[in-house]
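A quick write-up on the structure given underneath.
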Amino acid sequence: MTISVAVNEASQVAEARRQAATLAGRNGFGETDTGRVALVATELGTNLVKHGRGGEMLIGAFEDGGGGGIELIALDRGPGIGNVEACLRDGYSSAGTGGNGLGAVIRQSHVVDIASWPGVGTAVLARLQPGAPKPRRAPSHSGWGAVSVAMPGQEVCGDSWSVLADGNVMLFLADGLGHGQDAAEASVEAVRLFHRFNGHRLPTLLDYVHGGLRTTRGAAVSIARFDPPDRRVAFAGIGNVAGALAADGNLKRMVSMPGTAGHNARKIQAFDYPFDHGLIVLNSDGISTNWTLGHYPNVQSVHPALIAAILYRDFSRRRDDATVLVGKWVG
């Protein structure tokens, strides 16, 4: 689950720092490394207040091919950054400050990426792992990222997601019916079943998930499988977990069948779509159905976790659990 902390004034920066440090400790970070996480959270939160007119910090754990650690994403709808590269240099400031904030974030993080558009806002990603950092910009190669935020007022998120990469790549997202603990238990069980039966064809795999969720509240579930040699995506879904493909300025919505896994799934069917590069996006119904990437020129060049966070920032309904999972493949 991704923790969301509102940062609209200086006093709220401390809460973001506390949440980040607590999560780092829970994920095996020692005192020194936890201090780095706290420092990065402080700098990102301070920048939200000073430059972004306030915003939101997303705090979570990540794991990918390069290992795992803590992920911090600062989101605002402020004036945006006209020159991202200049802001990455120590000493640059557009607000009369010392200009060292982003420089400190870069020095203390293992991976940093920034997406910003004038008049739209800014999103900054910082990933930290245990051990001394070797700072670098986020790689432009293929990968995935996600944000999964609980409904306001809830302590657990009723959505769960997973990615399996072994020759082909499979993205899975489950949205437990409703919200709260019962919804979370259903979505977690759906992920467990996805891992257990992942060797089967998609309709068979979803049928196993459907049967295995009968003792739970039930969930909407979707799977996208990308086979690079075949240049296609196979997609199957039950319920309103949406899937879409984005490439070269075009957006293709994929077809999910009606129903609720665990209760009512009259027809389970997979559909094939041509695909060799671009984005695969899965989202729960906490994200508006009319989301688009049209307002973000060159957004496909940034880290997929940032893309997920931007879609959450701009299209979350804010009255349900909200999850966006993005897989990115370069041509």
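Straight-line cross-link partners of LYS50 among the aspartates and glutamates, defined as a Cα under 13 Å from its Cα and at least 8 positions apart when in the same chain: GLU9, ASP76. Dividing the summed helix terms, -39500 (n - 2.57) for each DSSP H run of n ≥ 4, by the number of residues in the chain produces a 222 nm estimate of -8000 deg cm²/dmol to the nearest 500. From largest to smallest, the equivalent ellipsoid semi-axes obtained for the range 3-128 from the alpha-carbon gyration tensor read 23, 15, 13 Å.
For the Cα trace of the range 143-329, dividing Rg by the Kirkwood Rh returns an Rg/Rh value of 0.94.
If the chain linking THR32 and THR289 were pulled fully straight, counting 0.36 nm for each residue of separation and taking away their Cα-Cα distance, it would gain 88.2 nm.
For LYS267, the lysines whose Cα falls under 26 Å of its own Cα, not counting residues fewer than eight places away in the same chain, are LYS252. Pairwise Cα distances in the chain exceed 30 Å for 33 percent of all pairs. Taking the longest Cα principal axis of the chain as reference, the axis of helix 13-26 is set at about 60 degrees. Along the chain, counting only GluC sites (Glu not before Pro) with a DSSP assignment other than H, G, I, E or B and at most 13 other Cβ atoms inside a 10 Å radius, the longest segment between sites is 156-331. Annotation for the range 111-126 versus the range 35-68: alpha-carbon center distance of 12 Å. Across the range 143-329, C-alpha contacts under 8 Å between residues 6 or more apart give a mean separation that, scaled by the residue count, equals a relative contact order of 26 percent. With bins 5 Å wide beginning at 0, the percent of Cα pairs of the range 130-209 falling in each bin runs 3, 13, 19, 17, 15, 13, 11, 6, 2, 0. Restricting to DSSP loop positions (anything but H, G, I, E, B) with no more than 16 other Cβ atoms inside 10 Å of their own Cβ, which trypsin sites (Lys or Arg not before Pro) remain in the range 165-230? Passing both the DSSP loop test and the Cβ count: ARG201, ARG214.
Every read-out reported here was derived from the displayed coordinates using simple, explicitly stated rules and does not represent laboratory data. Being a predicted model, the structure only gives us computed values, none of them experimental. A quick note on method: Cβ atoms are made from the backbone with ideal geometry, for glycine too, and the neighbour counts reach across all protein chains shown.
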